[in-house]
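Enquirer: So that we are looking at the same thing, I have put the structure below in structure tokens.
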Number of protein chains: 2
Amino acid sequence: MKIDVKVKKHEKIYTGKFINFYADDIIINNKVNTRREYIYYPLAVGIIPVTEDNRIIMVEQYRYTNDYYSLEIPAGKIDEGEALETAAHRELQEETGYDFGRLEKVYEYYPAISYSKERLIIYAAYDLIKKELPPDEDEFIEVKFFTLDEILELIKENKIMDGKTVLSILAYVTFIQKKGL
Amino acid sequence: MKIDVKVKKHEKIYTGKFINFYADDIIINNKVNTRREYIYYPLAVGIIPVTEDNRIIMVEQYRYTNDYYSLEIPAGKIDEGEALETAAHRELQEETGYDFGRLEKVYEYYPAISYSKERLIIYAAYDLIKKELPPDEDEFIEVKFFTLDEILELIKENKIMDGKTVLSILAYVTFIQKKGL
């Protein structure tokens, strides 16, 4: 299936501190006039940090938008012109106080495909060593260690509500650890 | 960990056809002034339609925001005042031409927790019967049937980029079908 899309108007609605917002008027198949409203968000990286004794380093933080204390894998935006691996080193050190020796790709996807240009690339990170960077001044993060089984139990009980964490852990278990499938 | 958040300014930036956009100035722990920019998006439902011969009904559609032809589970917003199950019946009929007899909850999560209020509830749907509703006029959808193994192979090759589909299928396999874990 292929469709034809023409853009009648491309409008930047808002230039934000973190995200920009757009609204485009489009015509589909020379017939249907409609509108698409969406966020520009930079490429982002999510990291599953795996310790030598097979624990996962997680971060708990308050998510204002959803008024929710959220347990998540470390993640962050890639800065303009920054290499993906550099961003991964920086984010992991800022959020957990650890650096990694090696990355293994787990998955790449669009978290909100219909209204956000965000693309998120997930890695598992190994050979961790303590190495801190000061956290972002508006991030208040608590670092917590879990076994994979403990995280899977939390997911099973739907106690982890952050999509990237659920997707990443299930993809890691299924395709990297190859449990069962 | 608990933090204190005060809202200094709550501003509606944009009222859209599908989504609204907000920017709030907040003070964290009486010290850090920062800004949160986010989307209001209604509660949404995603459906894994399982046929009697154990195939999954998927929909392929063009996603303008990411210029990407995307293979996905059926999903949609819940209208103002609409019951969740009513929305599930409506969306499945509009997108696939099938209705269901029974739902089973798979997961509930925030797809973009930091900048969208969207909460997505995923169900598996059983006892399918043919029953069509006309599709939304600006949605061009192709219906496709897959076995679960075929979808898992596509995910393994990272050929499915839609987050809700990857999360939903992996959660369904792990917690409903209980493959391996």
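Enquirer: Add +1 for every Lys or Arg and -1 for every Asp or Glu among the other residues with Cβ under 10 Å from the Cβ of residue B:174, and state the total. Can you show the working numbers first?
Expert: Working: positive: A:156, A:179, B:178, B:179; negative: none.
Net of charged neighbours comes to +4.
Enquirer: Take chain A, connect every pair of alpha-carbon atoms lying under 10 Å apart with a spring to form a Gaussian network, then pick out the residue of A:39, A:47, A:169 with the largest mean-square fluctuation.
Expert: Fluctuation is largest for A:39.
Enquirer: Counting GluC sites (Glu not before Pro) as exposed when in a DSSP loop with at most 15 other beta carbons within 10 Å, what is the longest stretch of chain B free of them?
Expert: Working: sites that count: B:52, B:80, B:82, B:132, B:137, B:139, B:157.
Here the longest run is B:1-51.
Enquirer: Another question about this same structure. Please give the average number of partner chain Cβ atoms lying within 10 Å of the Cβ of each residue in B:37-44, rounded to a whole number.
Expert: On the way: counts 9, 8, 9, 1, 3, 0, 0, 1.
Mean shielding by partner chains, rounded to a whole number: 4.
Enquirer: Check which residues have an amide H placed less than 5 Å from residue A:114's amide H, if you skip close sequence neighbours.
Expert: Those qualifying (amide H under 5 Å, at least 5 residues apart or on another chain) number zero.
Enquirer: When each copy gets a label point 7 Å from Cα toward the beta-carbon at residue A:17, what are the spacings between them in nm, shortest first?
Expert: List, nearest first: 3.2 nm.
Enquirer: Now, a different point. Any lysines with Cα under 21 Å of the residue A:31 Cα? List them, leaving off those in the same chain fewer than 8 positions away.
Expert: A:2, A:6, A:8, A:9, B:17
Enquirer: Further question on the same structure: Could you work out the Kirkwood radius for chain B, taking every pair of different alpha carbons, averaging 1/r and inverting it, reported in Å? Please report the intermediate quantities before stating the final value.
Expert: Numbers: mean 1/r = 0.0553 Å⁻¹.
Kirkwood hydrodynamic radius for chain B: 18.1 Å.
Enquirer: Here's a follow-up. Once you average over the residues of A:123-134, how many Cβ atoms of partner chains fall within 10 Å of each Cβ?
Expert: On the way: counts 0, 0, 0, 0, 0, 0, 0, 0, 0, 0, 0, 0.
Going residue by residue through A:123-134 and averaging, the value is 0.
Enquirer: Please label the shape of segment B:1-87 as rounded, prolate or oblate, based on the square roots a ≥ b ≥ c of the eigenvalues of the alpha-carbon gyration tensor (a/c under 1.5 means rounded; beyond that, a/b larger than b/c means prolate, else oblate). It would help to have the intermediate numbers written out before the result.
Expert: On the way: a/c = 2.52, a/b = 2.23, b/c = 1.13.
Prolate is the answer for segment B:1-87, as a/c is 1.5 or above and a/b outweighs b/c.
Enquirer: Continuing with this model, one more query. Looking at segment A:29-101, which trypsin sites (Lys or Arg not before Pro) are in a loop (DSSP not H, G, I, E or B) and have at most 16 other Cβ atoms within 10 Å? Numbers along the way, then the final one.
Expert: Details: sites: A:31, A:35, A:36, A:55, A:63, A:77, A:90; in loops: A:31.
Counting only loop positions with at most 16 other Cβ atoms within 10 Å, the trypsin sites (Lys or Arg not before Pro) in segment A:29-101 are A:31.
Enquirer: Something else about it: Average partner chain C-beta neighbours within 10 Å, per residue of A:159-167?
Expert: Values: counts 0, 2, 6, 6, 12, 8, 3, 9, 10.
Counting other chains' Cβ atoms within 10 Å and averaging over A:159-167 gives 6.
Enquirer: Semi-axes of the equivalent ellipsoid for segment A:77-146, please: Cα gyration tensor eigenvalues, times 5, square-rooted, ordered largest first, whole Å.
Expert: Details: eigenvalues 95, 49, 33 Å².
For segment A:77-146, the ellipsoid semi-axes come out as 22, 16, 13 Å.
Enquirer: How far apart are the residue A:1 label points across copies, placing each 7 Å from Cα toward Cβ, in nm, shortest first?
Expert: Spacings between copies for this position, smallest first, are 4.3 nm.
Enquirer: How far is residue A:104 from itself in the other copies, in nm, if each label sits 7 Å out from Cα along the Cα-Cβ line, shortest first?
Expert: 3.1
Enquirer: Summing Lys, Arg as +1 and Asp, Glu as -1, what charge do residues with Cβ under 13 Å from the Cβ of residue A:99 carry, residue A:99 excluded?
Expert: On the way: positive: A:90, A:102, A:130, A:131; negative: A:85, A:91, A:94, A:95, A:127, A:132.
Net charge in that neighbourhood comes out at -2.
Enquirer: Another question, if that's okay. Enumerate the lysines that residue A:105 could reach by cross-link, defined here as Cα to Cα under 20 Å, with residues fewer than 8 away along the same chain left out.
Expert: A:77, A:164, A:178, A:179, B:156, B:159, B:164
Every number in this text was worked out from the coordinates using simple rules, so none of it is lab data. Not measured: the values here are computed from a predicted model. For neighbour counting, all protein chains shown are included, and Cβ atoms are generated from backbone atoms with ideal geometry for every residue, glycine included.
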